[in-house]
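What follows is one structure encoded as structure tokens, with my remarks underneath.
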Amino acid sequence: MTRQLTTTRLLLVSAAACAALLLNACGGNSEARTIAPTALAVPQVIAHRGGTGDAPENTLAAIRAALANRADAIWLTVQLSSDAVPVLYRPADLSSLTDARGPVASKSAAELAHVNAGWQFKTQDSSGRDVYPYRAAPVGIPTLAEALALIPLGVPVVLDMKALPAEPQAAAVARVLNEAGAWERVLLYSTDASYQQAFAAWPRARPFESRDATRGRLATAALAHRCEAPPPANAWTGFEWRRQVDLVEQFTLGEARSTVADATLWSAEAVQCFRTNPGVHIVAIAVNSEADYRAAACAGVDAVLADSPRQMVPVREALRQGYTCP
């Protein structure tokens, strides 16, 4: 599919196409159905943290690799440096991925540029031994502005907000998006609902709905088989394709817990609920196998968040030639 200039046009699946997909691919009978070649029936591939399986996550090297591997969009994780510059890094401490220590907010953007963000990235050589290719070829922690300058205008970007409080980071990110003229190609995600409120001050901001709202709706569809309060028209939603779920039963003498280690909540029933209003976008997070990609395609999601575009894009291209759903 030719890349469009906005995320809405790139990832949108029409209501009619979705209905046809659900009817033909994931219908109620046990007969296998074949999906004819059509780009609308195949989820887009979003490079998770720039493609953390292919290069050091959230680095310019990862972004270059994702673009070379023909990812449809780039997902990046944002925190603030000590001088309030939005930079790309995920964990709470630099020691998790780099050769430095301490929180991101303890160093300036200039200092972070000289931290080796590829220090812990490893691959295996032909004999199966771990190797660390970026220890001899360091890559720094980039700024959000540098990443936006590198990514072509036709490639959408999703920014995952990790730092709290939300208000200072939202304001800093908004300044960068204003300077880069990037509002139309950027979506905003966070597991913390305070970011929806923080970005409300910028009318051009396009946040995902809160994770709490998505989770609650998915749980109701899975356990009660009801569609309650579907997302409003044109909303963006995202949740893991597979996720550990803990069920808690409360009673007079205490509570009991049961764990489902590998729950899949994005059923065709759930997707149909989310599609109640027009233009709703669904991103399945952590889709990293061909089997899960095919299942996500049959469920009717718009896009998958994948660690390795190098591995998942060939699956996307194969499915565009047509595929069969159970």
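Observations
- Test for residue 170: is it among the small types (Gly, Ala, Ser), out of contact with any strand residue (DSSP E or B) (no Cβ under 6 Å at 6 or more places or on another chain) and over 11 Å from residue 86 (Cβ atoms): no
- Helices (runs of 4 or more DSSP H) wholly inside segment 70-187 that include at least 3 residues being within 28 Å of residue 280 (Cα to Cα) and out of contact with any Cys (no Cβ under 8 Å at 6 or more places or on another chain): 144-150, 166-180
- Among the residues of segment 214-257, those that are of a type in the set (Gly, Ala, Ser) and assigned to a helix (DSSP H, G or I) comprise 216, 219, 221, 222.
- Some residue of segment 119-137 being among the β-branched types (Val, Ile, Thr) and surrounded by 17 or more Cβ atoms within 10 Å (Cβ to Cβ): no
- Sole residue being over 30 Å from residue 180 (Cα atoms), in contact (Cβ under 8 Å) with a residue 40 or more places away in the chain, surrounded by 12 or more Cβ atoms within 10 Å (Cβ to Cβ) and not aromatic (Phe, Trp, Tyr), chosen from 235, 219, 213: 219
- Selection status of residue 203, over 30 Å from residue 103 (Cβ atoms), in a loop (DSSP other than H, G, I, E, B) and touching a helix residue (DSSP H, G or I) at 6+ places or on another chain (Cβ under 9 Å): no
- Number of residues in segment 66-99 that are touching a helix residue (DSSP H, G or I) at 6+ places or on another chain (Cβ under 7 Å), aliphatic (A, V, I, L, M) and more than 24 Å from residue 179 (Cβ to Cβ) equals 2.
- Filtering segment 63-84 to residues that are over 22 Å from residue 44 (Cα atoms) and within 16 Å of the chain's Cα centre (by Cα) leaves only 78.
- In segment 40-55, the residue that is surrounded by the most Cβ atoms within 10 Å (Cβ to Cβ) out of those that are modelled with pLDDT of 95 or more and in contact with a Lys or Arg (Cβ under 6 Å, 6 or more places away or on another chain) is 45.
- Flag for residue 178 being of a type outside the set (Ser, Thr, Tyr) and either buried (at least 22 other Cβ atoms within 10 Å of the Cβ) or in contact with a Gly (Cβ under 9 Å, 6 or more places away or on another chain) (or both): no
- Considering each residue of segment 56-67 in turn, at least one proves to be surrounded by 24 or more Cβ atoms within 10 Å (Cβ to Cβ), closer than 17 Å to residue 283 by Cβ and at pLDDT 65 or above.
The values are calculated or read from the model by the stated rules, or taken from the named source; none is laboratory data. Here the structure is a predicted model, which is why all the values come from computation and not from measurement. Note that we place each Cβ from the backbone using ideal geometry, even for glycine, and neighbour counts take in every protein chain shown.
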